[in-house]
Every structure is written in structure tokens, then in C-alpha cells.
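Contents: one structure, followed by commentary.
The values are calculated or read from the model by the stated rules, or taken from the named source; none is laboratory data. Quantities reported herein were computed from a predicted structural model and do not represent experimental measurements. Quick reminder, even Gly has a Cβ in these numbers, built from the backbone with ideal geometry, and neighbours come from all protein chains shown.
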Amino acid sequence: MECKLIRPADLDEALAAREQYTHDALPIAGGQSLLVMMRNRLVAPAALIDLEPIEALRGVEVSSAGISIGAMNTCRQLIASPVLGEEVGVLPVAARQVSSTAVRNLGTIGGNVCHNEPGADLPPALLALNARAAVRRRANAREVPLAEFFTGYFETVLEPDEILCRIDIEHPPAGAAGVYLKHAISPEDLAMVGVAAVVVPDGKQTGGVAEVRIGIGGAAPVPLRAARTEAALKGAVLDAETARAAGETAATEVDPPSDPHAGADYRRKMVSVFVRRALLQAARQIEENGHGAA
Amino acid sequence: MALLELKVNGQEVRVEAPDTALLLDVLRERLALTGAKRGCETSHCGCCTVRVDGMAVHSCVVLAVRCEGKAIATVEGCGDGMELDRLQRLFLEHGAVQCGYCGPGMLMAAQALLEQNPAPTLDEVKKGLDGNLCRCTGYTPIFDAILAYGRGE
């Protein structure tokens, strides 16, 4: 059966198509994962709704409320954006580690998040940035914290008549530092374990932290925030010992899969290692800069 | 079916193809441009790499219809059909091609890299070619050829 292509002129037309087709059509962003899934016969939509022509899904806007990133921004665009580098540097750092150059040229932030493939690089960074998903359907709009967006392997809260339009991030607190570390056999692979940490210094003593946010990918059915680890670090002084202990706590918060690349035990161990490293790197950034950019 | 108006290697072409036809299929099956190779067809191997508005892309995961109004460049556009261009000549001199299947993709990825970064370091070359696999050469001759290009050889 031939797959039909719907090319809406704007968001309203795209949402109308979503409402009309629901499960029979899939929106296509960069296509770097979806076209592979179609090739492998994992999905066979009767139609694709092409999001490329839609202006409302583009651009990066900065306001006093924060940074709003259109879902159709490619990894290449995230990497090249000076404002993202300055405001939320951990996001372009993670984008640089997505797959290969050719895939980064076309693959989008919205596609990456909605595909929700285990080990994807952007979700941990976005979780650590407290990002929110701005979702539209024809009749209304809703905002979903990214921590509630992912529901299972390749699954999200997105309903079949909805479109993820933008990713919104509040300005990180002054002086915050952000780190993303990826553990993979080859850098182009999905992460066996990907850890993002945003550390907000308390500004009083060396290593003192007001707040820490940790996003972990590849180590559970969904990318997640290490809530208990974060709570334990509130008001702590970040040194080798607290970072090690935080890594061990984080390892108890994940539920890693076993696959041919890595067993669950190994992944769990790597969570503790990479959480520790990410925290210490962030602390070093803060110390070196006096003020790291998150 | 859709009637596509594409610009391939500087030449305007009109071609009929299914709505969701992939660029790789249009190039190979409809336009007889078989330089871009069919490899994994899942965006891993890079044998199908072409350039769209200068960017290296894997044509097995690109909708052809999205390329309308953009400049598509394939390996057939290198040199003039008789003479190799400088990059191709350096690939030849450095033994960067053995079985040859990855060659067209490597050349297009290297072109895209060199256009952005005319004198890349070895690390930058490796990163620029991270979407292209070669199972013969061990990559070193390919990297050498591109580094030589950067030195103006």
C-alpha cells in the first residue's frame, strides 16, 4: 500500500490532519528514525503528515520567561545556536553526540523526544534543564513537564491527535553548570548510559550546591530524573566522596534493560560511574569559571 | 504519485515518483544516478550519502519531495566525467578506495566537511565522516587523502 503524504501549510492544517487521521497517520519531523522504522516494517502508516513546512515549529525564541525551542530545530541548528550555547549549553553538548553528522543535519529535537528511543541523547539533557513540552491539538493546548512526557519504550503521553510544537526551558539560575556524558561502544551509537547534570552553586563555599538536577537515559524503560539523588545533594558540598555516594544512590533509582550491548548490572554500575563523573565535572566547571553556563 | 522538480548536480529534472519516495530511490531508480549506493537503508552505513544544499545527508532517510527547490549533489557531479577532481585524485593516490562501495558517500561527506572547514584536523575529519562506514581500508588512507586536500595538495 502506498503511503500518502500530507503537506500542511501551517499548524492549523497539520492539527486538522492529525484529528482526521489519528492512528492512521504519523507526523514526520526529520525522518531520521521514522523512515528507518517504516523501512523495517515496524510501522506502516497510511499517511505521513509533513511538519517541515510549518513555520510555528521553527526558531529559538528568548524572552524573560525563558527559551522556547521549535520542535523542528535540527541537532545541527541546536549545535550552531549561539543563544543555546550561552543559556543552556548542556543541550548543544548533548546534540553534538547524537548519532552521526548526516543524522544530526536532519534529525530534530521534537523527533528525538517523541520517538523516545532508549539511549537517546537529548532527553537526559532536557530533563536536567527542567524542560516542558508545549503540545497542541486542534481544540486546545497543554504543557507537559518532560519528566512526565515519557511513558514507556518508544512511548510518550502524546495522543494521536496531538503535535509537540515547542520545548520550553526556564533560564537556568546564574552560575549553574551543565554536563552531559555518554557511555557507548561507538560515539554514533545510542547511549548505553547517558547522564546529564545541571549543578547550581550556592555561591557561598567551594563545591557548595543549592540544587542539582540529574537526567539519565538508557538505564530504564524511560529517561528519568534521579529524584532521590537530587534530594540528597541539596545543600551539600560537592566533593569526591559526595559525588561517589550520589552515583551509588542514582544506581538504585534506575531499572536498566539487558541487551546484547550491556547487561543490566553493568548498566547500573555505569550509572554510578557516570553520575559521579558528571557531578565532579560540573563542580570543576563552576570552580574554573566562577560561573559555569548551564 | 507526485511530479517532482529537482535540481541534481546543477541540472533541473522533472520526475514522477510515489508521494513518500526516498531520495535514494529517485536518484537510482528514476534518474539512473547509481553513484549513491544502496547499503543498509537504515541510515547507519553512509553509502548513500549525497549533499542537499551543501549538507551531507543519508539519502535512504530523506523524502525526495523535501528536496524540491534545493541543490542536490551526487558523486556524478564530481570532476567532469573524464577528469577526476582534486579530492577524487587524492583518494586514488592514497589508496582510499578498495572495493569502492563506500567511496561515493565518503567523497560527498568529505566535500561537505571541507567546504565548512577547509583545513580540518584528524579529529575533525573523523567526526565529519562519522556517518560513513568503510569495511576495507581501515579508514587511514581515507583520512590521509582528506588531510592532504586540506594541506592544498
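Taking the listed residues A:Leu181, A:Leu164, the one that is at pLDDT 95 or above, under 30 Å from A:Ala14 (Cα atoms) and outside the structural domain of A:Leu15 (by TED's automatic domain parsing) is A:Leu164, with no other qualifying. Just give me the residues in the range A:64-74 being surrounded by 21 or more Cβ atoms within 10 Å (Cβ to Cβ) and in contact (Cβ under 8 Å) with a residue 40 or more places away in the chain, in sequence order. If the condition is that a residue be surrounded by 21 or more Cβ atoms within 10 Å (Cβ to Cβ) and in contact (Cβ under 8 Å) with a residue 40 or more places away in the chain, then A:Ile67, A:Ile69, A:Gly70, A:Ala71, A:Met72, A:Thr74 are the ones that fit. Quick one: count up the residues across the range A:241-294 that are of a type in the set (Val, Ile, Thr) and in a loop (DSSP other than H, G, I, E, B). Final tally of qualifying residues: 1. Among residues that are surrounded by fewer than 20 Cβ atoms within 10 Å (Cβ to Cβ), outside any strand (DSSP E or B) and modelled with pLDDT of 95 or more, B:Glu29 is included. Checking the stated criteria, A:Ala176 turns out not to satisfy the condition of being within 24 Å of A:Ala264 (Cα to Cα) and touching a residue at least 60 places away in the same chain (Cβ under 8 Å). Residues in the range A:113-145 that are free of Cβ contacts under 8 Å to residues at least 60 places away in the same chain and not acidic (Asp, Glu): A:Val113, A:Leu122, A:Ala131, A:Arg132, A:Ala133, A:Val135, A:Ala139, A:Asn140, A:Ala141, A:Arg142, A:Val144, A:Pro145. Residue count for the range B:17-42 satisfying the condition of being at positive phi and at the interface with chain A (Cβ under 10 Å from one of its Cβ atoms): 1.
Condition first: part of a loop (DSSP other than H, G, I, E, B), closer than 25 Å to A:His115 by Cα and at pLDDT below 95. Can you find one or more residues in the range A:221-233 that meet it? Within the range A:221-233, one or more residues are part of a loop (DSSP other than H, G, I, E, B), closer than 25 Å to A:His115 by Cα and at pLDDT below 95.
Taken together, the criteria place A:Thr74 among residues that are within 19 Å of A:Ala125 (Cα to Cα) and not charged (D, E, K, R). Being buried (at least 19 other Cβ atoms within 10 Å of the Cβ), under 17 Å from the mean Cα position of the chain (by Cα) and not in a strand (DSSP E or B) is the filter here, so list the residues in the range B:1-24 that pass it. Matches in the range B:1-24: B:Leu23, B:Leu24. In the range A:115-127, the condition of being among the acidic types (Asp, Glu) and surrounded by 24 or more Cβ atoms within 10 Å (Cβ to Cβ) is met by at least one residue. When B:Cys40 is tested against (1) part of a strand (DSSP E or B); (2) closer than 20 Å to B:Tyr139 by Cα, exactly one condition is not met: (1).
Quick grid of which residues meet (1) at pLDDT 95 or above; (2) assigned by TED's automatic domain parsing to the domain that holds A:Ile163; (3) closer than 23 Å to A:Ala197 by Cα; (4) aliphatic (A, V, I, L, M):
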residue	(1), (2), (3), (4)
A:Val43	yes, no, no, yes
A:Thr74	yes, yes, yes, no
A:Ile79	yes, yes, yes, yes
A:Val83	yes, yes, yes, yes
A:Gly89	yes, yes, yes, no
A:Pro92	yes, yes, yes, no
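In the set (1) within 10 Å of another protein chain (Cβ to nearest Cβ); (2) modelled with pLDDT of 95 or more; (3) in contact with a strand residue (DSSP E or B) (Cβ under 6 Å, 6 or more places away or on another chain), the condition left unmet by B:Arg14 is number (1).
Residue count for the range B:43-73 under the criterion of being more than 20 Å from B:Pro18 (Cα to Cα), buried (at least 24 other Cβ atoms within 10 Å of the Cβ), at the interface with chain A (Cβ under 9 Å from one of its Cβ atoms) and not polar (S, T, N, Q): the result is 3. Can A:Glu87 be described as exposed (fewer than 14 other Cβ atoms within 10 Å of the Cβ) and within 25 Å of the chain's Cα centre (by Cα)? For A:Glu87, the condition - exposed (fewer than 14 other Cβ atoms within 10 Å of the Cβ) and within 25 Å of the chain's Cα centre (by Cα) - is not met.
Yes or no, residue by residue, for (1) among the β-branched types (Val, Ile, Thr); (2) modelled with pLDDT of 95 or more; (3) not assigned by TED's automatic domain parsing to the domain that holds A:Gly89:
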residue: A:Ala240; (1), (2), (3): no, yes, yes
residue: A:Ala245; (1), (2), (3): no, yes, yes
residue: A:Thr249; (1), (2), (3): yes, yes, yes
residue: A:Asp255; (1), (2), (3): no, yes, yes
residue: A:Ala262; (1), (2), (3): no, no, yes
residue: A:Arg268; (1), (2), (3): no, yes, yes
residue: A:Ser272; (1), (2), (3): no, yes, yes
residue: A:Leu279; (1), (2), (3): no, yes, yes
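Screening the range A:1-114 for strands (runs of 3 or more DSSP E) wholly inside it with 1 or more residues that are more than 9 Å from chain B (Cβ to nearest Cβ), touching a His at 6+ places or on another chain (Cβ under 8 Å) and farther than 23 Å from A:Tyr153 by Cα returns the ranges A:66-70. Across the range A:221-250, the number of residues qualifying as touching a Lys or Arg at 6+ places or on another chain (Cβ under 8 Å) and surrounded by fewer than 22 Cβ atoms within 10 Å (Cβ to Cβ) comes to 4.
Of all helices (runs of 4 or more DSSP H) completely enclosed by the range B:76-153, which ones contain at least 2 residues that are surrounded by 13 or more Cβ atoms within 10 Å (Cβ to Cβ) and within 13 Å of chain A (Cβ to nearest Cβ)?
Working: elements: B:86-93, B:103-116, B:122-128, B:140-150.
It comes to B:103-116, B:122-128.
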